[in-house]
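**Q** Quick one: this structure, given as structure tokens, is what I'll be asking you about.
Any read-out appearing in this document is the output of simple, stated calculations on the displayed coordinates, not a laboratory observation. Remember, it's a predicted structure, so these values are computed and weren't measured experimentally. Counting neighbours? That spans all protein chains shown, and the Cβs are built from the backbone with ideal geometry, glycine included.
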Amino acid sequence: MKAMNPLAIKAMVLAAGRGERMRPLTDHCPKPLLQVAGRPLIDWHARALARGGFTALVVNTAWLGAQIEGHFSPERKQAIDRALSISYSHEGADFGGALETAGGIARALPLLGEAFWVVAGDVFVPGFEFTQDAVRRFLASDKLAHLWLVPNPAHNPHGDFGLSPEGLALNLPAGDPAPRHTYSTIGLYRRALFDSLPAGNPQGERAALAPLLRAAMARGQVSAELYAGAWTDVGTPERLAALNRALLPAA
């Protein structure tokens, strides 16, 4: 198999959710377009990916999806990076609603290739670096996914996954005292992780990501690392307001 160029891989930004917990802010604005420090959340990701040299993005949409596509005018894309290109997977238009995370990724696989970044459009992680080195390490491994985990926030005190000394993500059983960490939503994936779903998900099957990850973890096929930088799941109006207050310039 021909080796992949790390810069040739694409990135999927998940942007299809309704944002129920963000209402009423999301009644007329899709969550990825809500602003942090004067910039839409999705723009923070687009700029960070472009800084790493990853300028081919795939964005899935459902709720108010036309606004997201309209947001990325040619002028805005050029302002972020002249090489930026965006393809869309319109779950709402095709199936009447979002397909959940795994269903949405499976639907977009024909646009993504064999390996790709994934990040949720509603997290704020301004210091994260999408690097070619991370892609090279992942492509050189035999893993189906590599996840970035973060310290547990107040709204997820028990975390999601464990982490072995060897860098494997662990699906710890209930009652296991080992520490768990929260999945940041940032990861590198191979399309083979989604082989249990129909290729291209032509029927719009809704499927969650966690069961696929947990099954792969049981086989030792998911690696992970801790990210200690600033990270916020912008999941409620209160969190968004607190984040913007914290980022106000000092008087």
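**Q** Spelling out what I want: for every residue of the range 108-117, take phi, set θ = phi - 60°, compute 6.51 cos²θ - 1.76 cosθ + 1.60 (Karplus), and round to whole Hz; glycine and proline get x.
**A** Those phi angles translate into 8, 3, x, 8, 9, x, 7, 9, 6, 7 Hz.
**Q** So, counting K/R as plus one and D/E as minus one, what does the shell of residues with Cβ under 15 Å around Pro237 add up to?
**A** Details: positive: Arg18, Arg21, Arg23, Lys31, Arg239, Arg245; negative: Glu20, Asp27, Asp122, Asp233, Glu238.
Every neighbour counted, the sum reads +1.
**Q** Write down the percent of antiparallel bridges among all DSSP beta bridges whose residues are both part of the chain, to the nearest 5.
**A** So the antiparallel bridges amount to about 45 percent of the total.
**Q** Note down the relative contact order for the chain as a percent, whole number, built from C-alpha pairs under 8 angstrom at least six residues apart. Numbers along the way, then the final one.
**A** On the way: 475 pairs, mean separation 62.0, N = 251.
Relative contact order of the chain: 25 percent.
**Q** Arranged from highest to lowest average of other beta-carbon atoms within 10 Å per residue, in what order do the peptides 12-18, 72-78, 177-183 appear? Walk me through the numbers on the way to the answer.
**A** Working: 12-18: 24.3, 72-78: 12.6, 177-183: 15.6.
By packing density, highest mean first, the sequence is 12-18, 177-183, 72-78.
**Q** Between beta-carbons, use under 13 Å as the cut-off and find the net charge around Ala134, counting Lys and Arg +1, Asp and Glu -1. Don't jump to the answer; show the numbers that get you there.
**A** Details: positive: Arg136, Arg137, Lys143; negative: Glu129, Asp133, Glu225.
So the surrounding residues net to 0.
**Q** If you place +1 on the Cβ of every Lys and Arg, -1 on the Cβ of every Asp and Glu, and leave all else neutral, what size is the dipole of the range 9-246 about its Cα centre, to the nearest 20 Debye? All intermediate terms of the calculation are to be shown ahead of the outcome.
**A** Details: 23 positive and 22 negative charges, 57 e Å.
The calculation lands at about 280 debye.
**Q** Per residue of the chain, what 222 nm ellipticity follows from adding -39500 (n - 2.57) for every DSSP H run with n ≥ 4, rounded to the nearest 500?
**A** On the way: 8 runs with 71 residues, N = 251.
For the chain, the value works out to -8000 deg cm²/dmol.
**Q** In the chain, with Lys and Arg counted as +1 and Asp and Glu as -1 at Cβ, which of these residues, Phe194, Pro110, Asn171, has the Cα nearest the positive end of the dipole, that is, farthest along it?
**A** In the chain, that residue is Pro110.
**Q** A further question follows. For the residue pair Ala215 and Ala140, what label-to-label distance in nm results when each label sits 7 Å from Cα along the Cα-to-beta-carbon direction?
**A** Result: 3.1 nm between the two label points.
**Q** Farthest toward the dipole's positive end in the chain, which of Ala208, Asn152, Leu243, given Cβ charges of +1 (Lys, Arg) and -1 (Asp, Glu) about the Cα centre?
**A** Comparing the listed Cα positions along the dipole, Leu243 ranks first.
**Q** For Tyr88, list long-range residues whose amide hydrogen, built 1.01 Å from N in the peptide plane, is under 5 Å from its own amide hydrogen.
**A** Answer set, sorted by chain and number: Val59.
**Q** Sticking with this one: If each residue of separation counts as 0.36 nm, what is the full-extension length gain between Asp27 and Leu172 once their alpha-carbon separation is subtracted? Intermediate results must be reported in sequence, preceding the final value.
**A** On the way: separation 145, 0.36 × 145 = 52.20 nm, distance 3.74 nm.
This chain segment gains 48.5 nm when fully extended.
**Q** For the range 14-151, which semi-axes, largest first and in whole Å, follow from the square roots of 5 times the eigenvalues of its Cα gyration tensor? Each step should come with its number before you reach the end.
**A** Numbers: eigenvalues 109, 66, 48 Å².
The equivalent ellipsoid of the range 14-151 has semi-axes of 23, 18, 15 Å.
**Q** Still on this model: Quick check: Cα centre of the range 41-103 to Cα centre of the range 153-202, how many Å?
**A** 24
**Q** Ranking Asp122, Asp27, Asp233 by Cβ neighbours within 10 Å, fewest first, what do you get? Kindly include the intermediate steps, with their values, before the conclusion.
**A** Working: Asp122 25, Asp27 11, Asp233 18.
Fewest-to-most Cβ neighbours within 10 Å comes out as Asp27, Asp233, Asp122.
**Q** Grab the eigenvalues of the alpha-carbon gyration tensor for the chain, scale each by 5, take roots, and send me the semi-axes largest first in whole angstrom.
**A** Numbers: eigenvalues 133, 102, 73 Å².
Whole-Å semi-axes of the equivalent ellipsoid: 26, 23, 19.
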